[in-house]
Each structure stands twice: as structure tokens, then as C-alpha cells.
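Asker: First the structure, which I've put down as C-alpha cells, then a few questions once you've had a look.
The values are calculated or read from the model by the stated rules, or taken from the named source; none is laboratory data. Since this is a predicted model, take the numbers as computed values, not measurements. Every residue, glycine as well, gets a Cβ built from its backbone with ideal geometry; the counts of neighbours run over all protein chains shown.
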Amino acid sequence: MKLTSSILVTGLAAVAAAKPLLHPHVSNSLSSRQVARSTEESHQTGGEEFVIILDNDQPTPPVIHDVLARLALTSDHNDVKYVFNNTAFRGFVANMEDHCLDALLNMTDVSIVEKAMSVSTFATQRGGAPWGLERISSADTVTGNPTGLDFTYSFDNTELGAGVDIYVIDTGVYTDHIAFGGRARSGFSFENDTSDGDGHGTHVAGTAAGNVLGVASGANIWAVKVLGADGSGSTSDTLKGMDWVIQNHNKRKEEEGFVGSIMSMSWGLARHNDGIDRAIRSASEIGIHMAVAAGNEAGNSCTASPGSSGGSQGPAIVVGSIDITNTISKFSNTGACNDIYAPGEDIVSSWIGQNNYVNSLDGTSMACPHVTGLMAYLMDAKPELRTDPLAMKEYLKQTSLRDVVQGTALDGDDKLLANNGVTAQAKRDVPSNVQLVKKRSVEDTVVSQVESKTELEGRAGTITLELAQSNKRLRL
């Protein structure tokens with residue numbers, strides 16, 4: 001069964017009805033003096049959580065503490081939950097009553113005022129095994145048992161994303177898993193606990209950059225925990241995580257060996273969110289790449305963030321899901337905002353519980369990290385793409401396979417299949433310098449001995465992976 005979870009935005013309709021202007025792009029704004037008079041009273045403590053983004057396009061960029069002062073607030077106030085002050089976007093998260101909302105909606109230097117929304121992942125859990133690496137590195141249709149590990153990954157750059165930072169914005173990552181080989185670390189967490197209590201983020205990280213199981217097994221993995229153990233969270237916490245990524249990117253790009261940054265986002269909202277969309281555009285403008293799951297509603301990816309930032313609408317690369325027969329998954333969103341498709345059913349990757357557990361999931365969440373890893377692979381191989389997300393998007397479309405993806409999609413969807421370009425002619429014509437890895441089939445879906453090669457993984461030896469059967473459950 002595919003994803004059946006719904007993404008709740010409790011009370012949002014009521015707020016929208018009470019406040020018809022949630023985005024203060026108004027021509028009849030109050031003057032600064034009028035705004036000052038409207039906030040002479042003390043800040044009214046309490047209220048719901050809102051995200052406020054300042055307008056950096058003003059002739060004189062607004063100052064956060066000035067905006068807070070107009071609301072009789074400071075950054076230390078209990079109602080101010082977080083301050084965004086990076087090079088891409090600035091603002092804050094705060095609990096506010098109508099008194100402050102009325103004032104914000106009339107400030108010309110405030111661009112976005114939005115109620116924090118619920119964020120959920122796109123996946124379900126089932127038994128199975130990976131086949132996606134062969135699909136993205138072959139022109140031929142993949143055949144075989146999708147629950148086996150008898151597939152081949154072809155590539156012509158043995159660095160496999162070395163020096164690239166992949167930020168998995170998700171439920172956290174089990175950084176001690178053997179598939180990560182010491183390349184994973186915790187970066188940001190919206191709570192004190194940095195562990196992955198859900199497994200979704202660990203699975204995504206494994207497909208993007210895990211040894212044996214992942215596309216770019218030389219890349220660095222940064223866990224950015226914005227979702228809880230139930231796979232859900234809020235836009236305010238998600239923006240906090242993106243804020244941290246931008247700041248860390250700005251520090252890392254000055255370090256030796258740095259190649260580039262990618263945000264991997266396998267989650268979505270129930271509708272558009274200007275704060276998330278603005279953060280994606282702003283991060284792209286400073287050279288951070290974005291891979292986004294299209295969503296599992298079997299609908300239009302353009303109708304909700306962050307999927308609406310794909311196609312010609314924005315810089316993100318939005319990824320739909322196919323099965324082993326190259327058919328669009330029944331659950332996958334489609335449409336003009338979809339940039340590309342990748343394997344998203346019967347995908348085995350790293351899991352939580354023990355450091356050698358793997359598990360199988362379905363969803364556009366699983367398709368997305370295939371493209372995350374592919375971007376890391378290309379950034380390492382092609383320096384001209386490292387800080388140019390739009391050029392990366394165009395290159396991925398050029399190397400993709402056309403007329404391969406089957407099934408019905410909404411208008412404007414080109415149904416392109418992600419491919420690394422190595423075997424675009426035919427697998428049997430792979431150049432002699434291409435390295436291959438062969439994986440043995442799982443016996444009775446219990447234990448698999450997976451051979452890794454120094455050329456492939458950057459480390460020799462045998463990795464033992466065990467299917468975490470006890471973790472099979474439907475994801476709500």
C-alpha cells in the first residue's frame with residue numbers, strides 16, 4: 001500500500017478567512033508612524049506560531065531587531081522562537097496574536113507572514129531490495145526480481161561525489177550505520193535529540209550516499225533533523241533547518257576540499273508556502289542545489305510546496321517515482337513541476353535499530369535521493385555545475401532518457417528518466433574504464449552479503465546487511 005498519510009494544516013482556513021491578506025504586498029500600507037502607534041501597547045503574549053520573512057529587495061534592507069521592536073519584542077522574548085539571519089533570507093518565527101499580525105501586514109519591509117504548517121514525509125514501508133542504481137546507470141529496462149540485490153551500478157568517476165555536502169533535511173540520520181563509513185554527521189536538530197526515531201531520513205541518506213546502496217558513496221552526509229519520530233513537523237522548524245544549512249554552506253565553502261552543497265527534501269505540505277518557496281529560491285541563488293520529492297497524492301506536484309518549485313516555476317529538481325517496469329507509480333504526483341523520474345518502489349536502503357539493518361520503502365521520498373546522489377556525482381565530475389543549480393537542472397534533463405517512462409502524467413510533464421550518462425547508449429557498450437559492483441541476492445530476505453570494491457566505495461571489505469523484518473509497518 002502506498003502512502004496514505006495526510007498533511008494537516010489545522011486551523012489554516014480559519015486564519016485565512018480572518019486575515020484575507022497573509023502576504024503583505026499591499027499598495028496602501030500604513031506609514032511607519034502609523035505602524036508605531038498601532039504597536040504602542042505591550043506585545044500580547046501567546047497566539048499561534050507564524051513565520052515572518054523580511055523583504056531583502058528593499059532599497060535599505062530591513063533590520064530584524066527594528067521589526068521586532070515595532071512589535072514591542074526582542075529576539076530574547078519567549079514568544080520569539082527563532083531568528084533567521086543568513087545571507088539568503090532573514091526573518092523570525094514567533095507566537096503572535098492579532099495585534100501583532102495586523103501590524104506586520106502593514107509593514108512594507110515585511111515580505112511574508114504565514115502560519116506555520118505541518119510537514120510530512122512521502123513513504124510507506126515494505127519488504128524488498130534495491131534496483132534503482134542499475135536503473136539510473138543503464139539505457140536498458142531493468143529486469144529481475146525487484147526484491148533481490150542482483151543488480152549492477154555503472155559509473156565512470158570513481159570519486160562518487162567526494163567533497164560534496166548532502167544535507168538530508170528529514171527525520172535525522174542514524175550516522176553510525178555501516179553504510180555511511182564515517183561520512184555522516186549530525187548538523188542541526190529542532191529538538192535536543194539528534195537521533196532518527198523514524199528511519200525515513202536514514203533510508204534517504206543511504207540511497208543518496210550510502211556505501212553499496214547509494215549513488216554517491218563518496219559524499220558527505222549532514223543530518224538536518226526537522227521532522228519527529230512520527231515523520232511529521234512544521235514549516236517553522238523546517239525553515240530553521242534550512243537556515244542552518246545556508247550558514248554551514250557559507251562556512252564550508254571556504255574549507256579545503258569543498259565541492260558543493262545539496263539539500264535533499266523528501267517531504268511536502270498540503271498547499272503552497274511562501275516561506276519554504278522563498279528559502280528554496282534564495283538558497284539556489286547562492287549556489288545550493290535542491291532535490292525535492294514530487295509527492296504521493298497521485299495529483300499535481302505544482303499545487304503544494306516544495307514540489308511547486310520545480311519545472312519552470314523554480315530552481316528545485318522535483319522527482320517523481322517509477323517502478324521497475326519504468327511505469328509511473330500509482331501514488332506519484334505528476335505535472336509541469338516534475339523535472340525528472342527515478343526509482344521509487346521496492347527501494348532497499350539503510351535503516352535504524354542496528355548498524356547493519358536495511359529496509360524497503362516505496363514513495364517519491366525514495367525517488368528523490370537517487371537524484372540527490374546523481375547531482376553529487378555530477379558536481380564532483382563536472383566543476384562547471386557545482387554552484388549553478390539551473391545549469392545542473394538543464395544538464396540532468398539533457399542526460400535523461402526520453403520515451404522510456406510509461407503511464408499517464410498531467411500536462412506539461414516530459415516524463416524524463418534520470419540517468420548518469422554513462423550507459424546512455426547500451427549497457428553492453430560501457431567503456432572499459434567504468435567500474436561495476438555486483439550484489440548477491442537476498443536469501444529468504446534475512447541476510448545479504450554485499451561485496452564492495454575499493455574503486456566503488458573507497459574502502460575494501462565485505463558489508464553484512466540484514467533486512468529489518470520487525471520494522472515492517474504501514475506508514476501513516
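Asker: Filter the range 244-265 for residues that are assigned to a loop (DSSP other than H, G, I, E, B) and in contact (Cβ under 8 Å) with a residue 40 or more places away in the chain; which is nearest to the chain's Cα centre (by Cα)?
Answerer: If we take residues in the range 244-265 being assigned to a loop (DSSP other than H, G, I, E, B) and in contact (Cβ under 8 Å) with a residue 40 or more places away in the chain, then Val259 is nearest to the chain's Cα centre (by Cα).
Asker: When you check Ser195 against the structure, is it surrounded by fewer than 24 Cβ atoms within 10 Å (Cβ to Cβ), small (Gly, Ala, Ser) and within 28 Å of Ser118 (Cβ to Cβ), yes or no?
Answerer: It is true that Ser195 is surrounded by fewer than 24 Cβ atoms within 10 Å (Cβ to Cβ), small (Gly, Ala, Ser) and within 28 Å of Ser118 (Cβ to Cβ).
Asker: Looking only at the range 354-382, count how many residues are in contact with a strand residue (DSSP E or B) (Cβ under 9 Å, 6 or more places away or on another chain) and part of a loop (DSSP other than H, G, I, E, B).
Answerer: Residues flagged as in contact with a strand residue (DSSP E or B) (Cβ under 9 Å, 6 or more places away or on another chain) and part of a loop (DSSP other than H, G, I, E, B) within the range 354-382 amount to 3.
For (1) over 23 Å from Ala381 (Cα atoms); (2) of a type in the set (A, V, I, L, M); (3) out of contact with any helix residue (DSSP H, G or I) (no Cβ under 8 Å at 6 or more places or on another chain), each residue gets a yes or a no:
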| site | (1), (2), (3) |
| --- | --- |
| Gly161 | no, no, no |
| Phe188 | yes, no, no |
| Ala209 | no, yes, no |
| Leu227 | yes, yes, no |
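Asker: Under the condition of being part of a strand (DSSP E or B) and out of contact with any helix residue (DSSP H, G or I) (no Cβ under 9 Å at 6 or more places or on another chain), which residue from the range 327-337 is surrounded by the most Cβ atoms within 10 Å (Cβ to Cβ)?
Answerer: Ile328
Asker: Could you identify the single residue in Ser236, Ser195, Ser154, Ser186 that is in a strand (DSSP E or B), of a type outside the set (A, V, I, L, M), farther than 28 Å from Leu396 by Cβ and out of contact with any His (no Cβ under 7 Å at 6 or more places or on another chain)?
Answerer: Answer to the selection: Ser186.
Asker: Across the range 60-112, what is the number of residues that are aromatic (Phe, Trp, Tyr) and farther than 27 Å from Lys251 by Cα? Reasoning before the result, please.
Answerer: Step one: filter the range 60-112 for residues aromatic (Phe, Trp, Tyr), giving 82, 84, 89, 92.
In the following step, the residues that additionally are farther than 27 Å from Lys251 by Cα were identified as none.
So the answer is 0.
Asker: Just the residues that are over 28 Å from Thr152 (Cβ atoms) and outside any loop (DSSP other than H, G, I, E, B), please, taken from the range 303-317. Don't jump to the end; show me each part of the working.
Answerer: Step one: list which residues in the range 303-317 are over 28 Å from Thr152 (Cβ atoms), which gives 303-316.
Of everything in the range 303-317, those that are over 28 Å from Thr152 (Cβ atoms) and outside any loop (DSSP other than H, G, I, E, B) turn out to be Thr303, Gly307, Ser308, Ser309, Gly311, Ser312, Gln313.
Asker: Looking at Ile317, Ile347, Ile340, which is the one that is at pLDDT 95 or above, in the same structural domain as Asp403 (by TED's automatic domain parsing), more than 16 Å from Gly299 (Cα to Cα) and crowded, with 22+ Cβ neighbours inside 10 Å? So that I can check it myself, show each step before the final result.
Answerer: Numbers: Ile347 fails: at pLDDT 95 or above; Ile340 fails: more than 16 Å from Gly299 (Cα to Cα).
Just one listed residue meets the conditions, Ile317.
Asker: When the range 402-421 is examined, which residues are found to be more than 23 Å from the chain's Cα centre (by Cα) and not in a loop (DSSP other than H, G, I, E, B)?
Answerer: Answer for the range 402-421, where residues must be more than 23 Å from the chain's Cα centre (by Cα) and not in a loop (DSSP other than H, G, I, E, B): just Gln406.
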